[in-house]
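Single-structure report; data block below.
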C-alpha cells in the first residue's frame, strides 16, 4: 500500500500554518535516471528538468523535474499574460513584471514539510537581460534581436525530485487550501485527495516502460552565423585592449552569438550536451503552450531553453544569500 507524507491528520495541523502544503511519496530510483523519467512525463506542454549530472568533483544532491504547471507568467516589457493549464489565458496586466511575480508568490504561503529538499514547488524559468530596466533607469539603445519574451515563468506544483545521495525519487504534489482560519475539514480532505491523485498519476507514468525516442537524421552542414561581422568583432577587441591599457577596465569578455538552423529534436540536443559537457548543473526548459508566448515573441515557433553551468550562482536560504561566482567575476 502506498504511503503519502504528510498524513491527512498531519496536513490538518499544517493547514494552520499556510495554504500551500507539499504532499509526497517515495520511490526507489535505482532503475531510473532524470532523463528517462522526463521522457516519460513530458507531454509537449510546459515542463522543466533541472539536473545535477553525476560527474565531476562537485555534484549537487538533487535534480528536479516539473510538469503540468497550474500557472504561468509571460512578460514582454510591461505587458503581462498570466496563464493556466493547457495554455488557457487567465489574465492580462500592464506593469512591472517583478511586482507581478511578487504578487503571485505572495498568494502562496508554503509550509515547510520535513523530508523534502529546499525546493518543493514554485516559479521556474528565466529573466531576460532587459528586465533590468525595471530595476534601474537605463536608456534603450539596442534593438530587440531575439524573438522571445523578456520573462517566462512556470509556477509548478507537480514535481519529481531525484535524491542522488539516497538514491530515491520524491513525487511531490502541492495542495492548495484557503489557509488558516478559512479552511474547513472538507476542503482539506478534498485538496489532499486531489494531491494524492496527482501523485498517483505521475507514479503510474513513471512505472510505464520507456519507449526510446527516435532520433531522425540531422543535417550537419548548416552554416553557423555570428551576430557580428569579422571586422566588427576585431574592432571591439581592439577597443577593449585600449580600455585596458588606459586603466579604464582590467577585464572584459567581448561576446558574440552564434546560431544555426537545425532539425534536431530539442531534448536530443540536451542529451548530447549532457554527455559531452563536464558542467554539473544543467537545465532543459520547455515553454510550448504557455499563454502569451506567441504574442510576445511575434512567431508561432515553439521555445526551448537548453544550457549548463559550471557551478551554482546564488542560493537564498533562511534570509541569507550564498554567492558562488565564476572566477574573475568577484572582487
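The values are calculated or read from the model by the stated rules, or taken from the named source; none is laboratory data. Since the model is a prediction, treat every value here as computed from it, not as a measurement. Neighbour counts run over all protein chains shown; Cβ positions are idealised from the backbone, glycine included.
Residue pairs whose Cβ atoms lie under 8 Å apart, sitting 6 or more positions apart in sequence or on different chains, and linking a residue in the stretch 1-18 that is under 12 Å from residue 189 (Cα atoms) to a partner that is at pLDDT 95 or above, are 8/192; 11/21; 11/23; 11/175; 11/192; 15/21. Checked against the criterion of being within 29 Å of residue 63 (Cβ to Cβ), modelled with pLDDT of 90 or more, surrounded by 15 or more Cβ atoms within 10 Å (Cβ to Cβ) and more than 19 Å from the chain's Cα centre (by Cα), the candidates 113, 171, 160, 124 yield just one match: 113.
The residues of the stretch 285-312 that are surrounded by 15 or more Cβ atoms within 10 Å (Cβ to Cβ) and in contact with a strand residue (DSSP E or B) (Cβ under 6 Å, 6 or more places away or on another chain), listed by number, are 285, 286, 287, 290, 291, 292, 293, 296, 305, 306, 308. Among the listed residues 265, 242, 234, which satisfies the condition of being closer than 19 Å to residue 38 by Cα and out of contact with any strand residue (DSSP E or B) (no Cβ under 8 Å at 6 or more places or on another chain)? After applying the criteria, what remains is 265.
Every test in (1) touching a strand residue (DSSP E or B) at 6+ places or on another chain (Cβ under 7 Å); (2) part of a loop (DSSP other than H, G, I, E, B); (3) without any contact (Cβ under 8 Å) to a residue 12 or more places away in the chain is passed by residue 112 save one, and that test is (1). Does the stretch 92-109 contain at least one residue that is exposed (fewer than 13 other Cβ atoms within 10 Å of the Cβ), more than 16 Å from residue 171 (Cα to Cα) and in contact with a strand residue (DSSP E or B) (Cβ under 7 Å, 6 or more places away or on another chain)? Taking every residue of the stretch 92-109 in turn, at least one turns out to be exposed (fewer than 13 other Cβ atoms within 10 Å of the Cβ), more than 16 Å from residue 171 (Cα to Cα) and in contact with a strand residue (DSSP E or B) (Cβ under 7 Å, 6 or more places away or on another chain).
Only strands (runs of 3 or more DSSP E) whose full extent lies in the stretch 149-200 are considered here, and the ones with at least 2 residues that are closer than 30 Å to residue 297 by Cβ and touching a helix residue (DSSP H, G or I) at 6+ places or on another chain (Cβ under 9 Å) are 151-156, 158-163.
Please find, within the stretch 201-219, the residue that is surrounded by the most Cβ atoms within 10 Å (Cβ to Cβ) out of those that are closer than 20 Å to residue 27 by Cα and touching a helix residue (DSSP H, G or I) at 6+ places or on another chain (Cβ under 8 Å). For the stretch 201-219, the residue satisfying everything is 202. Being surrounded by fewer than 11 Cβ atoms within 10 Å (Cβ to Cβ) and either touching a helix residue (DSSP H, G or I) at 6+ places or on another chain (Cβ under 7 Å) or not in a loop (DSSP other than H, G, I, E, B) (or both): is that true of residue 138 here? So residue 138 passes the test. Counting only strands (runs of 3 or more DSSP E) that fall entirely inside the stretch 232-331 and contain at least 2 residues that are modelled with pLDDT under 90 and under 28 Å from residue 153 (Cα atoms), the qualifying elements are 314-317, 320-323. State all residues of the stretch 294-311 that are closer than 30 Å to residue 325 by Cβ and in contact with a helix residue (DSSP H, G or I) (Cβ under 7 Å, 6 or more places away or on another chain); if no residue qualifies, say none. Selection gives 303, 304, 306, 308.
Report yes if residue 214 is in contact (Cβ under 8 Å) with a residue 60 or more places away in the chain and within 35 Å of the chain's Cα centre (by Cα), otherwise no. No: the conditions fail for residue 214.
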